[in-house]
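Engineer: The structure follows.
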2 protein chains.
Amino acid sequence: MNMKELIIIGGGPAGITAGIYAARKKLDGLLLTKDFIGQLGNAGVMENWPGEKNIQGPELLESFKSHLENYEFPIKQEEVEGLEKSEDGFRVITEGKSFESEAVIITTGRRPRPLNVPGEEEFVGKGVSYCVTCDGALFQDKNVAIVGGGNAGLEGALELSDYGKKVFILEIGDRLQGDEYLIDKVKDRKNIELLTKVKTEKIMGDDFVTGLEYENLSDGKSSKLEVEGVFIEIGSIPNSNFLNGLVELNDVSEIKIDPETCRTATEGLFAAGDVTDVRDKQVVVAAGEGCKALLSAYSYIKN
Amino acid sequence: MNMKELIIIGGGPAGITAGIYAARKKLDGLLLTKDFIGQLGNAGVMENWPGEKNIQGPELLESFKSHLENYEFPIKQEEVEGLEKSEDGFRVITEGKSFESEAVIITTGRRPRPLNVPGEEEFVGKGVSYCVTCDGALFQDKNVAIVGGGNAGLEGALELSDYGKKVFILEIGDRLQGDEYLIDKVKDRKNIELLTKVKTEKIMGDDFVTGLEYENLSDGKSSKLEVEGVFIEIGSIPNSNFLNGLVELNDVSEIKIDPETCRTATEGLFAAGDVTDVRDKQVVVAAGEGCKALLSAYSYIKN
C-alpha cells in the first residue's frame, strides 16, 4: 500500500484551497471527494466572494476546481465512509477501497438540515426541495413556500419570486434573520409574503405537494397554505458522521479545532471550513481555513 | 461630529473584504486607507488566490476594490496617524481631520523589512528596491542581487532572471526557505546563482548602486558582488505604529487577536490580516479574517 503524505477529504472551498497549496508545496497527496457540488455547488448568486460582484455558486466552485486541476495533484471522486488510525498515520476508507496517509485534512462541509415534519421525506423531489437554485425554475407561475427567514431563505425567496406566482416565507422567529440588504430587497417584492412566528407542522400532497400546514405561535392556531413547492432553508448540519469518534465533536456535531492552526485534538488530523466549529460559515472564511489547515499539515509532515 | 457605526482602517484584502460584508449589512461605515497598494499591490504573479490560476497582484487587488465600490460604502483615501478612545467609541485621526465610530477594524497590513546595512537607505530608488514587480524591469541586462531566499525572494528572482543578465540570491540560512515548487523553478534557471549562509553587509555605489559586500558565514570571509540592483526581500513588519498603546502587540509588533473572532483586548476594536498575529500571512487567509472581523464587529454594534 502506497503511503501518502496527505489526504484531503472534501471538494469544497476549504478542500480545494488546501489542495492548491498542497500542490504548490509538492506534497505527495490525494484529494478524495464524493463530488464537487456541496453547498457552494447548490448555491445561487454569490455576491460576497471578494473580487466577484456577482457569480453563480457552481461557477465559482468550477473556477476553484479548475485552478486545482491546473496542478498534477491526484483527485479521486469517491465517497469516504470511514477514517481510522493506522500504524503510521491514518486509513481512509471508501467503498471497497482504502488509502493511507501520514496526515489528513477533513473538509467535508455541511448538508441541509431537515425540518423533520410529516410529509417532508415523502415528497422530496415531488415538491419538497432544499435547493432553490437547483429546483426553483420548476415552479414557474406556482405558489411556493420557503421555510426559514435567514440569508439562504431570503436569497431563495428572491430567486423564486422571479419565477413563481406567490412566495411565502415562513420564519419561526419574530423577525427575519438575514442581512439588511437582503431584507430590503425582499420587502420590495410585491409577490413575497412574510409570515413570522410560525412553525411549519406538516407538508401535504397526493402525487405532488399540494399544501403546507403551520401553527401561528402567537395564538396557537393552525392554518394552511396552498402551495405546490416547499423549499426548506433552515440551516445545515456538518458532514461528520463518518468519523466514528476519531475526533472530538461539539454539541452540534462540528469538529472541534484550534482556531489558529486548524489542528484537531488528534495529532496529524486537521479540519477546515464548515464541518468545523469555526464560527463563521462563509466561503471566504472556509477558503482561508483550508489554507491554514494545509500549512499546519505541511509543518506536521515535514518536521 | 457624525458618529459612524464602524471605521475600517486599511485597503488590502482584509479591509476590503470587511468593507464588502459591511456594505451588504448596511452598516453606517467608512473605510480609511492611505492608498490601495500595500503588499498585494506590489506583488507580482499570484497563483494561490483560489479560482485564479495566474493573476498579477495589482489586478487581483483592483478586482477586490471594484467589488467594494459596487456598493455605496464610503471610502476616503487618507493616511491614519492615530487612534484613540473617545467617549462613545473611537476617534481615528488623519492629517488635520478626525472621525468617530462605535467600532474599528484595523487591517493596515505590513511593509517591507529593511536590511539595516550601510548604503541601503542612501540608495533607495537608486538601485535599492523592495519591490521586484515595481522596479524589476529597470534592470534589463544588468546584474542584480536579491537578498532573501523565501518565497518572495524566489518569485522575485524568477521575474528578475527574465530581465537581467545574472541574478544572485543571497540567503542567510543554509538552504532556501520557499515552496518546493518555486525552488525547482529557480534551480532550472541558468542565470540564477544561489549563495547560502551569507550575510549582506554593505551596499556600495556612487550615483547608483555598483555592488554589494557580504560575509560568508562558513569561514567569516567577506566578498563583493558587482551588481547594479539590490532587491531586499527579507520579510515585512506590521503597520502598527499609529496605535500608541491602544492595543496589545506581540514581540514582533503584531496586534494580538482572538483567532476565532478577530477581537483585540480592547472592546469594540477588531483587527484582521497581516497586521495581526494570525500565523499565516496569505491573501486568502487575510480575506477570511476580514470577513470574521466584520461579523464580530457587526454583533458588537448591534447588540
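The values are calculated or read from the model by the stated rules, or taken from the named source; none is laboratory data. Quantities reported herein were computed from a predicted structural model and do not represent experimental measurements. All Cβ positions, even for glycine, are placed from backbone atoms using ideal geometry, and neighbour counts span all protein chains on display. Heavy atoms of the whole protein, side chains included, go into the accessibility calculation; ligands, DNA and RNA do not. Shrake-Rupley method; radii C 1.70, N 1.55, O 1.52, S 1.80 Å.
Engineer: Ignoring ligands, DNA and RNA and using a 1.4 Å probe, state the total buried accessible area between B and A in Å², rounded to the nearest 100.
Structural biologist: Chains B and A together bury roughly 4000 Å² of accessible area.
Engineer: Anyone know which of B:Gly245, B:Gly127, B:Gly149 comes out most mobile in the 10 Å Cα GNM of chain B?
Structural biologist: Per the Cα network of chain B with a 10 Å cutoff, B:Gly245 tops the list.
Engineer: Keeping every protein chain present and rolling a 1.4 Å probe, give me the accessible area per residue for chain B in Å².
Structural biologist: 43
Engineer: Then there's this: Counting pairs on different chains as well as pairs 8 or more places apart, how many Lys pairs in the range B:114-232 have Cα atoms under 17 Å apart?
Structural biologist: 18
Engineer: Moving on. With the dipole of the protein assembly as shown worked out from charges on the C-beta (+1 for Lys and Arg, -1 for Asp and Glu) around the Cα centre, which of A:Gly44, A:Gly15, B:Leu212 lies farthest toward the positive end?
Structural biologist: Going by the Cα projections, it comes out as A:Gly44.
Engineer: Hey, which residue of B has the C-beta nearest the axis mapping B onto A, and what's the distance in Å?
Structural biologist: Axis relating chain B to chain A; nearest Cβ residue and distance: B:Gly288, 1.
Engineer: Within 10 Å of each candidate Cβ there may be at most 12 other Cβ atoms; applying that plus a DSSP loop requirement, which chymotrypsin sites (Phe, Trp or Tyr not before Pro) in the range A:194-303 survive?
Structural biologist: Here the chymotrypsin sites (Phe, Trp or Tyr not before Pro) that fit, given the DSSP loop and packing criteria, are A:Phe208.
Engineer: In deg cm²/dmol, rounded to 500, what helix-only [θ] at 222 nm does chain B give when every DSSP H run of at least 4 residues adds -39500 (n - 2.57) and the total is split over its residues? Walk me through the numbers before you get to the answer.
Structural biologist: Working: 7 runs with 75 residues, N = 303.
Value at 222 nm, helices only: -7500 deg cm²/dmol.
Engineer: Would you kindly calculate the mean projected area, averaged across all directions, of the convex hull enclosing the Cα atoms of chain B, in square nanometres?
Structural biologist: Averaged projected hull area, Cα only: 16.9 nm².
Engineer: Here is a further query. By the scheme Lys and Arg +1, Asp and Glu -1, what is the net charge of all other residues having a beta-carbon under 14 Å from that of B:Ala287? Don't skip to the answer; put the middle values down first.
Structural biologist: Numbers: positive: A:Lys292, B:Lys65, B:Lys281, B:Lys292; negative: A:Glu52, A:Asp280, A:Glu289, B:Glu52, B:Asp274, B:Asp280, B:Glu289.
Local net charge: -3.
Engineer: Quick check: net charge around A:Leu182, other residues with Cβ under 15 Å of its Cβ, Lys/Arg +1 and Asp/Glu -1?
Structural biologist: Result for the neighbourhood of A:Leu182: -3.
Engineer: Here's another thing I want to ask about it. Assume the label is 7 Å from Cα along Cα to beta carbon: what separations in nm does A:Ala265 have to the matching positions in the other copies?
Structural biologist: With the label placed 7 Å along Cα→Cβ, A:Ala265 yields 3.0 nm.
Engineer: In addition: Taking a cut-off of 13 Å between Cα atoms, list the aspartates and glutamates near A:Lys302, but don't count ones fewer than 8 places away on the same chain.
Structural biologist: Qualifying aspartates and glutamates at Cα under 13 Å: A:Glu5, A:Asp28, A:Glu102, B:Asp179, B:Glu180.
Engineer: Enter the Cα centre distance for the pair the range A:110-131 and the range A:19-60, rounded to the nearest angstrom.
Structural biologist: The range A:110-131 and the range A:19-60 have Cα centres spaced 25 Å from each other.
Engineer: Then there is this: Can you give the FRET efficiency to the nearest 0.05 for A:Met3 and A:Asn303, using r as the Cβ-Cβ distance and R₀ = 22 Å?
Structural biologist: 0.80
Engineer: Another one. Quick check: pseudo-label points 7 Å beyond the Cα along Cα→Cβ at A:Asp35 and A:Ser236, how many nm apart are they?
Structural biologist: Going by the 7 Å Cα→Cβ label model, 1.4 nm.
Engineer: Is the range A:114-232 rounded, prolate or oblate when judged by the Cα gyration tensor, a ≥ b ≥ c being the square roots of its eigenvalues, rounded requiring a/c under 1.5 and prolate requiring a/b larger than b/c?
Structural biologist: In terms of gyration-tensor shape, oblate.
Engineer: Under a crude label model (7 Å from the Cα following the beta-carbon direction), how far is B:Asp251 from A:Ile93 in nanometres?
Structural biologist: 4.7
Engineer: Okay, moving on. Spit out the partnerless Cys residues in chain A, using Cβ distances under 4.7 Å as the pairing rule.
Structural biologist: A:Cys262, A:Cys291
Engineer: Next up: Near B:Lys281, which lysines are there with a Cα under 18 Å away, not counting those fewer than 8 places off in the same chain?
Structural biologist: Qualifying lysines at Cα under 18 Å: A:Lys25, A:Lys292, B:Lys256, B:Lys292.
Engineer: Could you work out the mean count of beta carbons from other protein chains within 10 Å of each residue's beta carbon in B:43-54?
Structural biologist: Mean inter-chain Cβ contacts per residue within 10 Å come to 6.
Engineer: Let me ask another. In nanometres, what is the gap between the two model label sites at B:Arg113 and B:Glu84, each 7 Å from Cα along Cα-to-Cβ?
Structural biologist: 3.3
Engineer: So, with +1 on the Cβ of K and R and -1 on the Cβ of D and E, and no other charges, what is the size of the charge dipole of the protein assembly as shown about its Cα centre, to the nearest 20 debye?
Structural biologist: For the protein assembly as shown, the charge dipole is close to 140 debye.
Engineer: Please compute the average number of Cβ atoms from other chains found within 10 Å of each residue's Cβ in peptide B:276-282. Mind dumping the intermediate values first?
Structural biologist: Working: counts 0, 1, 3, 6, 11, 0, 6.
Neighbouring Cβ atoms belonging to other protein chains average 4 per residue here.
Engineer: May I ask you to give the percent of accessible area on chain A that is carbon plus sulfur, with a probe radius of 1.4 Å?
Structural biologist: 42
Engineer: Any idea what the relative contact order of chain A is, in percent, if you count C-alpha pairs under 8 Å spaced at least 6 apart?
Structural biologist: It comes to 21 percent, rounded to a whole number.
Engineer: Moving to a separate point now. Given label points at 7 Å from Cα along Cα→Cβ, what nm distances, shortest first, separate A:Glu248 from the same residue in every other copy?
Structural biologist: Sorted ascending, the copy-to-copy spacings read 2.2 nm.
Engineer: How well do other chains shield peptide A:61-72, expressed as the mean number of their Cβ atoms within 10 Å of each residue Cβ?
Structural biologist: Numbers: counts 2, 1, 4, 3, 2, 2, 8, 3, 1, 3, 3, 0.
Per residue, the number of nearby Cβ atoms from other chains is 3 on average.
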